[in-house]
1. Grab the other residues whose beta carbon is less than 13 angstrom from that of B:Ala77, score K and R as +1, D and E as -1, and report the net.
2. In peptide A:33-40, what is the residue-averaged number of other protein chain Cβ atoms found within 10 Å of each Cβ?
3. If you roll a 1.4 angstrom probe over the protein chains with everything in place, what fraction of the accessible area of region A:109-203 belongs to carbon and sulfur, to the nearest %?
4. For chain A, find the longest principal axis of its Cα atoms and tell me its angle to the long axis of helix A:89-105, 0 to 90°, nearest 10.
5. Considering the dipole of the protein assembly as shown built from charges on the beta carbon (Lys and Arg +1, Asp and Glu -1) around the Cα centre, which of B:Val79, B:Gly33, B:Ala152 is farthest to its positive end?
6. So what is the accessible area of region B:60-196 per residue, in Å², with the probe set to 1.4 Å?
7. Taking the alpha-carbon centroid of each part, what is the distance from region A:17-44 to region B:82-141 in angstrom?
8. Please compute the average number of Cβ atoms from other chains found within 10 Å of each residue's Cβ in peptide B:104-112.
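The values are calculated or read from the model by the stated rules, or taken from the named source; none is laboratory data. Just so we're clear, the structure is a prediction, and the values are computed from it rather than from any experiment. Because the Cβ atoms are built from the backbone with ideal geometry, glycine has one as well, and the counts that use them run over all protein chains shown. These accessible areas exclude ligands, DNA and RNA; they are computed on the full protein's heavy atoms, side chains included. Shrake-Rupley method; radii C 1.70, N 1.55, O 1.52, S 1.80 Å.
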There are 2 protein chains.
Amino acid sequence: MKRPVDLPPSAAAAGNRRSAVVRAAGRLFREKGYAATTIRDIAQAAGMRSGSPFYHFRTKHDMLHAVVLEGLAAVHAAVALELNAGRPPRQTFEAMLRAHLQQVLGEEGRDFSAVLLHESRHLEPSALAEVIALKDAYEAMWQKVLKILKRAGLVADDSKAARLFLLGAMNWTTLWYRTGGPLSVERLARQLANFVLREPDKP
Amino acid sequence: MKRPVDLPPSAAAAGNRRSAVVRAAGRLFREKGYAATTIRDIAQAAGMRSGSPFYHFRTKHDMLHAVVLEGLAAVHAAVALELNAGRPPRQTFEAMLRAHLQQVLGEEGRDFSAVLLHESRHLEPSALAEVIALKDAYEAMWQKVLKILKRAGLVADDSKAARLFLLGAMNWTTLWYRTGGPLSVERLARQLANFVLREPDKP
DNA sequence: TAGACAAGCAAGCAATTGCTTGGTAGGATG
DNA sequence: CATCCTACCAAGCAATTGCTTGCTTGTCTA
């Protein structure tokens, strides 16, 4: 009956079944949406009975919160790595595109990031504010690379609107890209770079 | 107790309160999402009691269907008008951008189009198939203008992916654009055109 | 071997959900 | 005047919802 209130002792080992709940919630929230997913759905997908997820989470909202934070952390880490790899502007940009698309479309992280992108509005106000702050920090990296690209003459516009157009083009792929289709994520990143950059294409 | 099954006699006058239900549903579906909106919410917003909307619609799904079709018809008509206005490529393109963004962001049609963009997955399979067919026809107009732009050397890529990048950039605005902010819809359209086209900017 | 704790289960409760049912006010129609 | 039809209301039903409660199991430690 007791609960691991904030940090369970020896969280690494203890968080094993908890993460099963998060993964199940992530997949279902992406497939059916937050509001249309029931606790019973999540419990069953995690191999539990309907009351058991509440051992790990206080509310359903908390499950959404955990999913969204996981998505945000993963995409931030992946893109930050490429931004700081010390490559020239165009290569840095394309690597960041690839990393973002990989996170958003790849088997591994697509559930978390799709939920982040499409279900955040169902968060409670305080959790939403936290997520928005983290998202702003993430998007600042894109503003930074746009600035670099403009200095290099590779792009004409590094405004806030330009950043949002770019992120929109990327994030919208979650609604149409199909894994196993004719287009790999790498080629998609290359194609978006060519679509956006003002430079002779590199096929 | 009887219902106007398919076509109510003298539909023009009779469909008055019905359209109040559609407008209320559109606004609530956009604000809270389809699954999180209750019949009671819709009825109250339309000034009715909770059972009354079912005089006009068989199910809640049918209400979503009506909202989505309204959004699709409006944006299709607005953009088709500009595509066929007989202007030169760049002007045609920018006018289409403006028309789409006007529909998606403007007071008048944003409820319907935002629901179309973000809630279509909650449609029943048969209704979804119908909507997808109409959406494909809509997007074909964008493929067409991209082809024209490429012939004119204004864009480097007129592939299917390029079209989806463009639509993504536009449709994502529904998640960040705020009416009354510093950026008008007209300027937004101009800025997106400059972001995408390979030509000296026209400020 | 005894105790403690992590991690669940079985059962159910109060509220909410989509939707149905029988009725009815008010205008049009004969 | 009698009838019909449109558009709604008042009430409620069966199912589902998020969540709670008391209890059990397996495992680790002293």
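1. Result for the local shell: -3.
2. On the way: counts 8, 3, 7, 6, 1, 0, 0, 0.
Rounded to a whole number, the mean comes out at 3.
3. Details: 2420 of 4260 Å².
In region A:109-203, the share of accessible area belonging to carbon and sulfur is 57 percent.
4. Long axis of A:89-105 versus the principal axis of chain A: about 30 degrees.
5. Checking the options against the dipole of the protein assembly as shown, the answer is B:Gly33.
6. Numbers: 5680 Å² over 137 residues.
Roughly 41 Å² per residue, with all protein chains present.
7. Rounded to whole Å, the Cα centres lie 32 Å apart.
8. Mean shielding by partner chains, rounded to a whole number: 0.
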